[in-house]
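These notes concern the structure reproduced below.
Quick note: the coordinates plus some simple rules give every number you see, no bench work behind them. Only a predicted model underlies this, so the values are computations on that prediction, with no experimental measurement involved. Neighbour counts are summed over all protein chains in view; Cβ atoms, including those assigned to glycine, are modelled from backbone coordinates with ideal geometry.
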Amino acid sequence: MIYEMKLTTEDFEDIVLDRKHIEIRLYDHKRQGISIGDEIDFINLRSPLERVRVRVKSLLREDSFSDLLEKHELSEMTSRFTKFEDYLIKIYSRYTPEKEKKNGILGIEIELIDGNLNHSTMGAIAA
């Protein structure tokens with residue numbers, strides 16, 4: 001199955017440049033159907049025509065963002081943060097602790113699918 005997910009430009013570029021290998025989401029009803037081997041088209045929020053396709057390598061189910069971050073290298077999730085605490089602040093600016101507790105967390109380990117960048121994506125990253 002192929003899913004679509006929107007990303008900030010910074011996270012989108014990290015995936016395109018193969019610097020981000022784990023995408024973190026709430027384990028809500030939209031994510032509960034994802035399986036290993038599925039594909040995800042990530043869409044750049046700022047430029048919706050820019051897309052990159054990845055394959056799901058593994059699913060990392062945790063109760064909290066902290067649990068996930070403690071078990072994996074921060075560099076697998078972001079290139080902009082070097083401190084665990086700073087990255088958690090960013091995460092909690094988007095997701096509430098109530099939603100985290102209600103749904104739990106899903107880390108989606110991903111790999112780029114070779115040759116999948118569209119022309120607008122390649123131009124945006126090269127600029």
Fill in the blank from the handout: Selection over the stretch 27-49 where residues are part of a strand (DSSP E or B) and out of contact with any helix residue (DSSP H, G or I) (no Cβ under 7 Å at 6 or more places or on another chain) yields a count of 4
Exercise for the section: Kindly provide the set of residues from the stretch 77-98 that are under 13 Å from the mean Cα position of the chain (by Cα) and surrounded by 16 or more Cβ atoms within 10 Å (Cβ to Cβ), ordered by number. Expected result: MET77, THR78, ILE91
Problem - Qualifying residue in the stretch 44-65 (condition: in contact (Cβ under 8 Å) with a residue 12 or more places away in the chain, within 18 Å of PHE81 (Cα to Cα) and surrounded by 13 or more Cβ atoms within 10 Å (Cβ to Cβ)) - result: yes
Handout entry: Candidate set: the stretch 101-115, residues that are over 16 Å from the mean Cα position of the chain (by Cα) and surrounded by 11 or more Cβ atoms within 10 Å (Cβ to Cβ); chosen: the one nearest to TYR27 (Cα to Cα)
Key = ASN103
Practice task
Please find, among ILE24, ILE15, the residue that is out of contact with any His (no Cβ under 8 Å at 6 or more places or on another chain), part of a helix (DSSP H, G or I) and either touching a residue at least 40 places away in the same chain (Cβ under 8 Å) or surrounded by fewer than 18 Cβ atoms within 10 Å (Cβ to Cβ) (or both).
Solution key: ILE15
